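What follows is calculated from the coordinates using simple rules that are stated; it is not laboratory data. Since the model is a prediction, treat every value here as computed from it, not as a measurement. All Cβ positions, even for glycine, are placed from backbone atoms using ideal geometry, and neighbour counts span all protein chains on display.
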Amino acid sequence: MILKTIKPNDNLDDNETFNSPKNVEIHSRLIPELRRAMFPNYKPSVAQLTNWLSALHKSRRSQTQLKKSGKSDEDSRRVHNNSRVQNKKLRRIKAAKDLYRKSDERIIGYEKCQLLKMLANRSYHSPEISESDEENPDKTIVCVYDYSWRSQELKNLLRNVIDSHSADIQTAKLQRPRQYDDEVQHFDQMHPEDAPQWSYVEQEDFIYDTEIDSRSGFDEDEDYGEETEEVLIDSQKSGAGDDLAE
């Protein structure tokens, strides 16, 4: 919102790098303006604002280049699908921590530190893909794709225990229902190397799906982010007997 009050000629040029002479001159003017606009509610340092502007410029420059190359729609779909899985991951972590705190018998049989690390790893969460409704082509639905390696025990824990509890404690509800059909909607994949034995099934040798990235927008190089780092730190505390912080 604050950026919308900035004069148009003080906007960074997306066609140039952040440290180009032109943009250096612009953000040298822009930062003092932002500090004045944010005072007294916020008092960011020059370094903080520089880093923030750099990240914002990087994102906008990337979008500009994608539009020029005609790949903008594909990238938007990838980002949106990644966001869905990230949000699901965080919902499940929050629900699992709440279940452990309440000593729910459906979850306390699973080692706390191990399960939270699993939930912090997006490889355990199935992709959610927007597709056209066969009965109504103008309508899109969210299809949940299963992974062939996931055991029935893992799917039951995620869907019927953790997701169910998440729906009970979340104030913001999912706006679009999820469609499950594990027989049709699935990807043939190997289980993660660190997967506990109860979470996967042994699979015969066959050709695994290699098109999962293009179908789901899955980005294997995506950083887990600060939320996951906090979860991993908390899970280490839990190994020492401490309760996990929210």
Which stretch or stretches of the range 145-164 have amide N atoms under 20 Å from the point lying 7 Å from ARG176's Cα along the Cα→Cβ direction? 145-147
Taking other Cβ within 10 Å of each residue's Cβ, how do SER45, SER126 sort, fewest first? SER45, SER126
Given a Förster radius of 45 Å and the C-beta distance between LYS102 and ASN9 as r, what FRET efficiency does 1/(1 + (r/R0)^6) yield to the nearest 0.05? 0.20
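Apply 1/(1 + (r/R0)^6) to the Cβ-Cβ distance of VAL24 and LYS68, taking R0 = 22 Å, and write down the FRET efficiency to the nearest 0.05.
0.40
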Once R0 is set to 25 Å, what does the formula 1/(1 + (r/R0)^6) return for the Cβ-Cβ distance between TRP198 and ASP138, expressed as a FRET efficiency to the nearest 0.05? 0.05
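Hand me the chymotrypsin sites (Phe, Trp or Tyr not before Pro) from the range 105-200 located in a DSSP loop with no more than 15 other Cβ atoms within 10 Å, in residue order please.
Filter output for the range 105-200: empty list.
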Using label points projected 7 Å from each Cα along Cα→Cβ, tell me how many nm separate ASP168 and VAL184, to one decimal. 3.2 nm
